Each structure stands twice: as C-alpha cells, then as structure tokens.
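Remarks on the structure that follows.
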Amino acid sequence: MEFSKTKIFVGIATGWTFVVGGSCWFDIHQIDDEVVELAAVEGRSHYNKDMIFRRWIALQGGLYVPPSEHTSPNHYLKDIPNRDVVTTGGQPLTLVN
C-alpha cells in the first residue's frame, strides 16, 4: 500500500491543525481561569478595604455628615448625645455609623 504525497500532506496538515487548535483551546481556557481568579482577588481586595474603613469609622464613634435625602439622621442613634450638631459656620451635621 503506497501513500501519495497529497494524502501524506493532508494527514500532516490535519494533525497540525488539531495540535494548534488544541493548544489554542487550552490557552483560552487557561486565560479564562486567570481572569476569574483576578476578579476574585480584586473583589476580596475591595471588600477588605471597605471593612477596614468601616471598622475605623466605628472605632472613631461614627462620622458626621451633612443631612440629606441620602443620609438622613439615623433613628437608631436618637439616644446618642450630640447625634445632630451644627458647626460654628452654621452647617448642620448628623452622626452616621
């Protein structure tokens, strides 16, 4: 049984196509895994930063901000002395925790 040059070339080209395709498939999936891991690390980093910031504010006893529709006085802090204060410049502030 003799193979023609065309059949050998087609066989080699087909094999090479599978090798390159498999390599591309592996690389794409590896990159996807790295992107997911990077997103998880980034998310944990933001969460930890927020928790540290919140803990620092809590250790300070809260934070005074100007009252607005987004930061109205906290009714759970109504028994706290000086929950609502006014600066020497006349700016009202409310305590948030």
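The values are calculated or read from the model by the stated rules, or taken from the named source; none is laboratory data. Please read these numbers as outputs of a predicted model, since none were measured by experiment. Heads up, the Cβs are rebuilt from the backbone with ideal geometry, glycines too, and the neighbour counts pull from every protein chain shown.
Data overview
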read-out: Test: residue in segment 64-78 that is exposed (fewer than 10 other Cβ atoms within 10 Å of the Cβ), hydrophobic (A, V, I, L, M, F, W, C) and modelled with pLDDT under 95; value: no
read-out: Leading residue by the ranking (modelled with the highest pLDDT) among those in segment 79-97 that are surrounded by 14 or more Cβ atoms within 10 Å (Cβ to Cβ) and among the hydrophobic types (A, V, I, L, M, F, W, C); value: 93
read-out: Matching entry among 12, 8, 28, 57 (being touching a strand residue (DSSP E or B) at 6+ places or on another chain (Cβ under 9 Å) and assigned to a helix (DSSP H, G or I)); value: 57
